[in-house]
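What follows is a short report on a single structure.
The values are calculated or read from the model by the stated rules, or taken from the named source; none is laboratory data. This structure is a prediction, so every number in the text was calculated from the model and none was measured. Cβ placement follows ideal geometry from the backbone for every residue including glycine, while neighbour counts extend to all protein chains displayed.
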């Protein structure tokens, strides 16, 4: 099909059009509202580490709350130059996620027909996990990109396609970056050595193939040594210096049949379990079709997916019983799963004969897949919490405890009144609060009031902040735009906000004693009194919140609204 299509250039234009449109859509889905996103959950691991440690300490430890070493080194450099903010933290992952849309189909351009390449770009563009990876300050977008590059580069180097030495260098670089960013990525990127090594050992048994198999085995050993050297230089120091942290996170949780099934659904962006049947059929059909042309590639990838997943599950890392965790750990091979689905879709629509009609049909199938998934529920404006577990724990509402166990409680009339104003026209600063999904009602409240949100560190005005704030109020070098300091607000700053909202009671999900607040709640009556002494009487009070108007906010908010947009 690929050769036939190349002979008829005019027949490829619908597929180029589909690929171009998908690329633009994919970039928009990854960048939309990214500047206004709040940092929370695991994104704070790196921030806590870089504040209490220097470059050497970051490079030689994994941390119990694991952080990505190379990203944290970059963040520390930004911190030292007073340039650390939300946008700078997200930018490398956004670039990696967008690069994947171009690099993946380019790497396999000789093996895939235009229909498959274009459909693959479309599936990559609207993939909810890949979109999420590109929008969070965690290494998974980098792993997805490096995983594709590494496996294809190894195939090209081993099979002597193009320039074997150049492909070998690309493989070593991609494997090194992925392994340094996330140790478990190595179970996928190093798999080609085991796969081809077993093949070479089998060849050594037969007399007729012994010489060639021995040569290939020696080549693999040399290649492996070259790959291991930079990995050892980067990973041995933290392994030796922080083995206890790694050991503490292994052997703690286990997958179940249900969590494996939920993982499959999330990898393909499915919210409906019944949709898994046609998707699985198309996946199998695509793998079979590609097997006819690229048997070694399909065998390598599928075996790597299975063995890598089994190794990850056997390690029983913390929280692996939750589907999104396994989805993240399998990021290096996720694009290949979508490739097999793309090949299946292309195989079906190509039967329509007319390329333009086939491209429209492929586009429609991908659009239906995206529309029936979680994406339509993410992109209301404003939504500053797309990475929250409400959106990322599970795409099916009935399987997501952040939906099924929600007890938001009475909603203050203040938020209901804000909903009458134009969306995004008001900015709130909420305090106190922890930036963890289980302790923040903001995603649900923002769905009600539809206004911009920031948070404020309450120490030292209200308490010492010991064990409370995600980073200390005394920290320097950050330029966060979504996290203010209460002390600055009392000194006349507004941080571009209209109102300061003080929360009188803690909030948790699951509610109450089932998920207790982890630190002592501040003395809020005393806190309110301190704020009132500086900002004047509150403009709204009930049992849940006390709201203060910030001085001269209207002028500043108008400028920030443009910047946020």
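Numbers below:
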| read-out | value |
| --- | --- |
| Complete set of residues in the stretch 88-109 that are touching a residue at least 60 places away in the same chain (Cβ under 8 Å) and surrounded by fewer than 22 Cβ atoms within 10 Å (Cβ to Cβ) | 94, 98, 102, 108 |
| The stretch 305-343: number of residues that are under 30 Å from residue 113 (Cβ atoms), part of a helix (DSSP H, G or I) and in contact (Cβ under 8 Å) with a residue 12 or more places away in the chain | 18 |
| Number of the condition not met by residue 137 [criteria: (1) within 23 Å of residue 60 (Cα to Cα); (2) in a helix (DSSP H, G or I); (3) in contact (Cβ under 8 Å) with a residue 12 or more places away in the chain] | (2) |
| Qualifying positions in the stretch 158-182 - closer than 21 Å to residue 236 by Cα, part of a helix (DSSP H, G or I) and either outside the structural domain of residue 231 (by TED's automatic domain parsing) or in contact with a helix residue (DSSP H, G or I) (Cβ under 6 Å, 6 or more places away or on another chain) (or both) | 171, 172, 174, 175, 176, 177, 178, 179, 180, 181 |
| Those residues of the stretch 386-429 which are under 22 Å from residue 505 (Cα atoms) and part of a loop (DSSP other than H, G, I, E, B), in sequence order | 388, 405, 406, 407, 408, 409, 410, 411, 412 |
| Helices (runs of 4 or more DSSP H) (entirely within the stretch 480-565) containing at least 1 residues that are in the same structural domain as residue 450 (by TED's automatic domain parsing), modelled with pLDDT of 90 or more and surrounded by 12 or more Cβ atoms within 10 Å (Cβ to Cβ) | 486-490, 524-535 |
| Lone qualifier among 367, 346, 356, 362 - being surrounded by fewer than 17 Cβ atoms within 10 Å (Cβ to Cβ), part of a helix (DSSP H, G or I) and either touching a helix residue (DSSP H, G or I) at 6+ places or on another chain (Cβ under 7 Å) or outside the structural domain of residue 16 (by TED's automatic domain parsing) (or both) | 356 |
| Residues of the stretch 73-87 that turn out to be buried (at least 18 other Cβ atoms within 10 Å of the Cβ) and within 16 Å of the chain's Cα centre (by Cα), as a count | 1 |
| Conditions (1) buried (at least 16 other Cβ atoms within 10 Å of the Cβ); (2) without any contact (Cβ under 8 Å) to a residue 40 or more places away in the chain; (3) within 18 Å of residue 48 (Cβ to Cβ); number of the one not met by residue 445 | (3) |
| Test: residue in the stretch 455-468 that is modelled with pLDDT of 90 or more, in a helix (DSSP H, G or I) and surrounded by fewer than 18 Cβ atoms within 10 Å (Cβ to Cβ) | no |
| Helices (runs of 4 or more DSSP H) within the stretch 44-132 that include 2 or more residues over 27 Å from residue 153 (Cα atoms) | 55-59, 69-80, 86-107 |
| Residue 33 vs. criteria buried (at least 16 other Cβ atoms within 10 Å of the Cβ), at pLDDT 95 or above and on the phi > 0 side of the Ramachandran plot | yes |
| So residue 382, is it in contact with a strand residue (DSSP E or B) (Cβ under 8 Å, 6 or more places away or on another chain) and not assigned by TED's automatic domain parsing to the domain that holds residue 453 | yes |
| Counted residues, the stretch 469-479 - those being buried (at least 17 other Cβ atoms within 10 Å of the Cβ) and either modelled with pLDDT of 95 or more or out of contact with any helix residue (DSSP H, G or I) (no Cβ under 9 Å at 6 or more places or on another chain) (or both) | 1 |
| Flag for residue 231 being under 24 Å from the mean Cα position of the chain (by Cα) and closer than 21 Å to residue 149 by Cα | yes |
| Restricting the stretch 287-297 to residues that are closer than 23 Å to residue 143 by Cβ and modelled with pLDDT of 95 or more, the residue that is surrounded by the most Cβ atoms within 10 Å (Cβ to Cβ) | 290 |
| Residue list for the stretch 265-278, restricted to those being in a helix (DSSP H, G or I), in contact (Cβ under 8 Å) with a residue 12 or more places away in the chain and surrounded by fewer than 19 Cβ atoms within 10 Å (Cβ to Cβ) | 273, 275, 276 |
| Residue check for residue 56: surrounded by fewer than 16 Cβ atoms within 10 Å (Cβ to Cβ), touching a strand residue (DSSP E or B) at 6+ places or on another chain (Cβ under 9 Å) and modelled with pLDDT of 90 or more | no |
